[in-house]
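The values are calculated or read from the model by the stated rules, or taken from the named source; none is laboratory data. Keep in mind it's a predicted model, so treat the numbers as computed, not measured. Neighbour counts are summed over all protein chains in view; Cβ atoms, including those assigned to glycine, are modelled from backbone coordinates with ideal geometry.
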Amino acid sequence: MNVFGDSSAFYSYLDKQDSQHLRAKAQMSSLIQSNDVVVSSNYIIVETIALIQRRLGFDAVKDFQEIIAPLLSVYFVNKELHQKGAEIFLQERRRNLSLVDCVSFELMKQLGLQKAFAFDKHFEEQGFQLLD
């Protein structure tokens, strides 16, 4: 099974103080053991590294690069995908919904992904399932 990996889950995995930390660790372990492919995008990688650097520091960025990044199948967003995500973003006009979110939703649709390794309620709002 392929699942989409979001920055919300990657951050929770690395931040031991995060309320979803233990859940993120358990879900990541399950994904690794089941040989599931975690698909993400270069936009998510950039967003994750910026978030981790700001909140947790460079050691956590190194942990992300060494522990999580090698497990990911990273899709590089092309012009068409970016434009489609931007259209959705502008149509939604919601302050708490980001361009990265909208590009992620469109990528999931294009790749036929139904499940997300995420703790962001926007995935469920768009009809995707979060991991248990």
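Which of the residues belonging to region 16-48 are among the hydroxyl-bearing types (Ser, Thr, Tyr), closer than 14 Å to ILE68 by Cα and under 14 Å from the mean Cα position of the chain (by Cα)? Of everything in region 16-48, those that are among the hydroxyl-bearing types (Ser, Thr, Tyr), closer than 14 Å to ILE68 by Cα and under 14 Å from the mean Cα position of the chain (by Cα) turn out to be SER40, SER41, THR48.
Is it the case that ASP36 is charged (D, E, K, R) and modelled with pLDDT under 95? Yes.
Yes/no matrix, rows are residues, columns are (1) in a helix (DSSP H, G or I); (2) small (Gly, Ala, Ser); (3) in contact with a strand residue (DSSP E or B) (Cβ under 6 Å, 6 or more places away or on another chain):
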residue	(1), (2), (3)
ASN35	no, no, no
ILE44	yes, no, no
LEU51	yes, no, no
VAL61	yes, no, no
GLN65	yes, no, no
ALA69	yes, yes, no
HIS82	yes, no, no
GLU87	yes, no, no
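For region 49-66, the candidate set comprises residues that are among the β-branched types (Val, Ile, Thr) and under 15 Å from the mean Cα position of the chain (by Cα); within that set, the residue that is surrounded by the fewest Cβ atoms within 10 Å (Cβ to Cβ) is ILE49. If you go through region 1-25 and pick out every residue that is touching a helix residue (DSSP H, G or I) at 6+ places or on another chain (Cβ under 8 Å) and of a type in the set (Lys, Arg), you end up with 2.
When GLN27 is tested against (1) over 18 Å from LEU113 (Cα atoms); (2) touching a strand residue (DSSP E or B) at 6+ places or on another chain (Cβ under 9 Å), only condition (1) is not met. Would you pick out the residues in region 76-112 that are under 14 Å from the mean Cα position of the chain (by Cα) and loosely packed, with under 12 Cβ neighbours inside 10 Å? PHE76, the sole residue that qualifies.
When restricted to residues that are outside any helix (DSSP H, G or I), under 16 Å from ASP120 (Cα atoms) and either without any contact (Cβ under 8 Å) to a residue 60 or more places away in the chain or among the aromatic types (Phe, Trp, Tyr) (or both), region 16-33 contains 2.
Of the candidates LEU99, LEU51, the single residue that is over 16 Å from ALA9 (Cα atoms) and either touching a helix residue (DSSP H, G or I) at 6+ places or on another chain (Cβ under 6 Å) or in contact (Cβ under 8 Å) with a residue 24 or more places away in the chain (or both) is LEU99.
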